[in-house]
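Reviewing the structure listed below.
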Amino acid sequence: MFKEHLDDYYKSKMGVTEICELVGSSPSTFRRWLKKNNLTPRQKYLKQINTGSDGLNQLLKNRYSSIINRCNGKTTDYYGKYKGKPYMPVYEWVNFCNANKDKLLKMWEVYKQNPTENRRYSISVDRIDNNGGYTKDNTQFVTHGFNSWKRNIFPIKVTHKNETNYFFTKEDASLFYGLRRQAIGEVYNKTHYHVRGYEIDSSTVEAVLKENNFESLEKYYNALLEIDNKEWDKRSRTRNN
């Protein structure tokens, strides 16, 4: 009688009391049933997240709670676009976290070393395909900075002085050419005061990665972090001379 509700239990869609009311039983009977069938209570599963850092373990528990709330429509972020999306049951989430232990610890150390920009370097849970849910094959750990950047990419190609370059944002293109932050956007939108000499067309993620010799969005983003404004200025002067 409990088995048909087990998936909802491990995804925290239903509580023990709610399940027991549906089947006409008691919480103590449910717990005895779990023990008899060698099934771990969901709260004990969360205690099995073992990265070696208490702070990181707690963050991963919090991230899972956020996923549950998003996919069950209990939050208002992004206008409920996550509601109904599939996600991992607790035991799968724990295994996923532990399998990514080395990556998570490296990210955690970088986060702690950047207190003034900790929001950018904090650990975020990213869906590889934004049309999918938080399933094991569609989930990866990334920085909050990358996740925010990824949501706002707008692949374009810019032709200037007979040379074409590819970018993921109009702001990146403006910086590359040594222009004001909004300049390339003004050209794209054909405002009456936009700078001359630039032709802009929409592009694709695949094209931008290929033309810039990157294998993934994350590697592209990480490379951007390593290029400071002085380097961009130097490259800009080379292009404009």
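The values are calculated or read from the model by the stated rules, or taken from the named source; none is laboratory data. Remember, it's a predicted structure, so these values are computed and weren't measured experimentally. Heads up, the Cβs are rebuilt from the backbone with ideal geometry, glycines too, and the neighbour counts pull from every protein chain shown. Heavy atoms of the whole protein, side chains included, go into the accessibility calculation; ligands, DNA and RNA do not. Shrake-Rupley method; radii C 1.70, N 1.55, O 1.52, S 1.80 Å.
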Could you give the size of the charge dipole of the chain about its Cα centre, using +1 on the Cβ of each K and R and -1 on the Cβ of each D and E, expressed in debye and rounded to the nearest 20? 620
Run the count for the stretch 16-130, please: Lys pairs, Cα-Cα under 13 angstrom, 8 or more apart or on different chains. 5
Where the only charges are on Cβ atoms (+1 Lys, Arg; -1 Asp, Glu), what is the dipole of the stretch 80-217 about its Cα centre, to the nearest 20 debye? 460
Where is the GNM fluctuation largest for the chain (alpha-carbon springs, 10 angstrom cutoff): Ser25, Ser12, Ser174? Ser25
Taking the Cβ-Cβ separation of Asn37 and Asn131 as r and a Förster radius of 22 Å, what is the calculated FRET efficiency to the nearest 0.05? 0.05
How much length, in nm to one decimal, is gained on full extension between Glu215 and Lys190, taken as 0.36 nm per residue of separation minus their Cα-Cα distance? 5.8 nm
In terms of Cα to Cα distance under 28 Å, which lysines are near enough to Lys157, apart from those fewer than 8 places away along the same chain? Lys170, Lys190, Lys210, Lys219, Lys230, Lys234
Rank-order 105-115, 192-202, 176-186 by packing density, defined as the average count of other C-beta atoms within 10 Å over each peptide's residues, highest first. 176-186, 105-115, 192-202
How many angstrom lie between the C-alpha centres of the stretch 119-170 and the stretch 1-60? 35
Using the heavy atoms of the protein chains alone and a 1.4 angstrom probe, what is the accessible area of the stretch 134-177 per residue in square angstrom? 40
Please give the net charge around Leu209, taking every other residue with its beta carbon less than 14 angstrom from that of Leu209, where Lys and Arg add +1 and Asp and Glu add -1. -1
Integer Hz, Karplus 6.51/-1.76/1.60 couplings in order for the stretch 2-7, x for Gly and Pro: 7, 4, 5, 9, 5, 5
Options Asn57, Asn118, Gly73, ranked by Cα towards positive dipole end of the stretch 18-127, top entry (Cβ charges): Gly73
In the chain the accessible area split gives carbon plus sulfur, as whole percent at 1.4 Å, a share of 45
Under the Karplus relation with 6.51, -1.76 and 1.60 and θ = phi - 60°, whole-Hz ³J(HN,Hα) for the stretch 93-109, x at Gly and Pro, equal 4, 4, 5, 5, 4, 5, 5, 9, 3, 4, 5, 4, 5, 5, 5, 5, 5
Phi-based couplings in Hz for the stretch 53-62 (Karplus 6.51, -1.76, 1.60; Gly and Pro marked x): 10, 4, x, 5, 4, 5, 4, 5, 5, 5
What is the calculated FRET efficiency for Glu4 to Leu105, with r their C-beta to C-beta distance and R₀ = 35 Å, to the nearest 0.05? 0.35
